[in-house]
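The values are calculated or read from the model by the stated rules, or taken from the named source; none is laboratory data. A quick note: this is a predicted structure, and the numbers were derived from the prediction, not measured. We place every Cβ from the backbone using ideal geometry, glycine too, and count neighbours over all the protein chains shown. With ligands, DNA and RNA removed, areas are computed over all heavy atoms of the protein, side chains included. Shrake-Rupley method; radii C 1.70, N 1.55, O 1.52, S 1.80 Å.
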Amino acid sequence: MLFAHDTECGLIATAALVNTDGPDGEGLPDVAALDGFFVTHGWTGRHEHTEAELRSVRELRPRLRRIWDADADGIVAIVNELLRESHALPQLIRHDGEPYHLHAVPRDAPLATRMAVEAAMALADLVRLGELGRLRICAHQDCDNVLVDLSKNRSRRFCEAGCGNRAAVNAYRARKAATRS
Ligand SMILES: [Zn+2]
Ligand SMILES: [Zn+2]
């Protein structure tokens, strides 16, 4: 593990949330899709299953996306803004069998608020460790997804949507075409 467990989970969940707002369509089309996202990413605490909750989670995404397009000072500004407006107050807590980890807003705060603060806390860790280079945009030419490279050798270039396989297939076809001609 490179970073604290909650930092890694926060970064992965944040990238996944940003990528639900893709050019290929809405990844969170309805309340059921948000339920699925909630479960997949191990979220606990308040979850309303309402259109209003869905809307506020969707509205958070472009703000989080800006993190991947910003430089270090820009990222710091976004992180500080998210922490400030959520009245973040870091507290170590233990729940659901997990070891002590940081929460900076209560578990009954709205889901979008907790998502924003979890993202900000995880990013604060990356800033302090000088590891912002871990935030990348997918290297596949047709893909604009974000990713967090948590590999030891900083080798990850493609997002989770299968772009690594797609790139390998394209390279293979290109090689074959080159041999034929
Ligand atoms: Zn927790
Ligand atoms: Zn991709």
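Here are some notes:
- Residues being surrounded by 17 or more Cβ atoms within 10 Å (Cβ to Cβ) and assigned to a helix (DSSP H, G or I) - total across region 1-23: 13
- All of ARG128, ARG58, ARG134 fail the test of being open to solvent by 70 Å² or more (accessible area, probe 1.4 Å) and closer than 16 Å to THR7 by Cα, apart from ARG128.
- Evaluating LEU34 against the criteria (1) open to solvent by less than 20 Å² (accessible area, probe 1.4 Å); (2) at pLDDT below 95 leaves one unmet condition, (2).
- Contact map, region 1-25: first residue farther than 20 Å from ARG63 by Cα and among the aromatic types (Phe, Trp, Tyr), second residue away from ligand 2 (no atom under 12 Å from the Cβ) and open to solvent by 10 Å² or more (accessible area, probe 1.4 Å), Cβ cut-off under 9 Å, separation 6 or more or different chains; pairs are PHE3/ASP125; PHE3/LEU129; PHE3/GLU131; PHE3/LEU150.
- Residue that is farthest from ligand 1 (Cβ to nearest atom) [pool: residues in region 65-90 that are surrounded by 11 or more Cβ atoms within 10 Å (Cβ to Cβ) and over 30 Å from ALA139 (Cα atoms)]: GLU85
- The single residue among ALA122, ALA109 that is more than 15 Å from the chain's Cα centre (by Cα), modelled with pLDDT of 95 or more, open to solvent by less than 20 Å² (accessible area, probe 1.4 Å) and under 21 Å from THR40 (Cβ atoms) turns out to be ALA109.
- The residues on offer are VAL148, VAL117, VAL169, and the sole one that is open to solvent by less than 70 Å² (accessible area, probe 1.4 Å), within 27 Å of ARG55 (Cα to Cα) and either within 16 Å of ligand 2 (Cβ to nearest atom) or more than 20 Å from the chain's Cα centre (by Cα) (or both) is VAL148.
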